[in-house]
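The values are calculated or read from the model by the stated rules, or taken from the named source; none is laboratory data. Remember, it's a predicted structure, so these values are computed and weren't measured experimentally. Backbone-built Cβ (ideal geometry, glycine too); neighbour counts: all protein chains shown. These accessible areas exclude ligands, DNA and RNA; they are computed on the full protein's heavy atoms, side chains included. Shrake-Rupley method; radii C 1.70, N 1.55, O 1.52, S 1.80 Å.
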Amino acid sequence: MGTIDLDRDNAVRPRRRTPSEGAPPPPLPGADVDWRDQAAFSEARPTPELITFAETLLKHEGLALQGAPVLLRHRPGDRGLPGDDGQGLRFALDLTGSGSSLLGGALVFFDDTGRGAGWRAETGALTVWSGPDPDLTELVPGAPERLTLIGRVRELTGA
């Protein structure tokens, strides 16, 4: 991911790191996860193994977790992310991918003119941003559920 790049509003431009070939997949949660249904998605506390995986990946990118991340599950018809105040650095770690952006579940960022750009879900991909949260587009009927770990990060000093 490299150096954090700020735009004219002092917000971090969304950056995406795709998983390297041969990288271990993220540890998926088991059936014992206590999902809490929200209006547009379900959320849960991530497993310790998933937090350790995220900490290792973030450290490699010069970042560290700040506070407790949240595990999100999107099913067909679900969309969006939990609300946030837009302050500080945020991240999304794709735990499950999709073969096509046509299935929905794309992470889309909009600029102040309404133009959008984003990425489809890709297992192990990491996206970092600041400022307004992106939209997560609706999953279409028949799409596999999407699991994403989201939270806050900070830059490691001296990284």
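Annotations
- Fluctuation leader among Ala125, Ala117, Ala92 - the chain, Gaussian network, Cα springs under 10 angstrom: Ala117
- Counting all C-alpha pairs of region 23-91, share separated by more than 21 Å (%): 35
- The simple spin-label model puts a point 7 Å past each Cα toward its Cβ; for Arg75 and Glu122 those points are separated by 2.9 nm.
- Note on Arg13 and Asp85: the model spin-label points, each 7 Å out from Cα along the C-beta direction, lie 2.8 nm apart.
- D_trans [Stokes-Einstein, Kirkwood Rh over alpha-carbon pairs] for the chain, 37 °C, 0.692 mPa s, µm² s⁻¹: 206
- Accessible area per residue for region 12-159 is 52 Å², calculated with a 1.4 Å probe on protein heavy atoms, without ligands, DNA or RNA.
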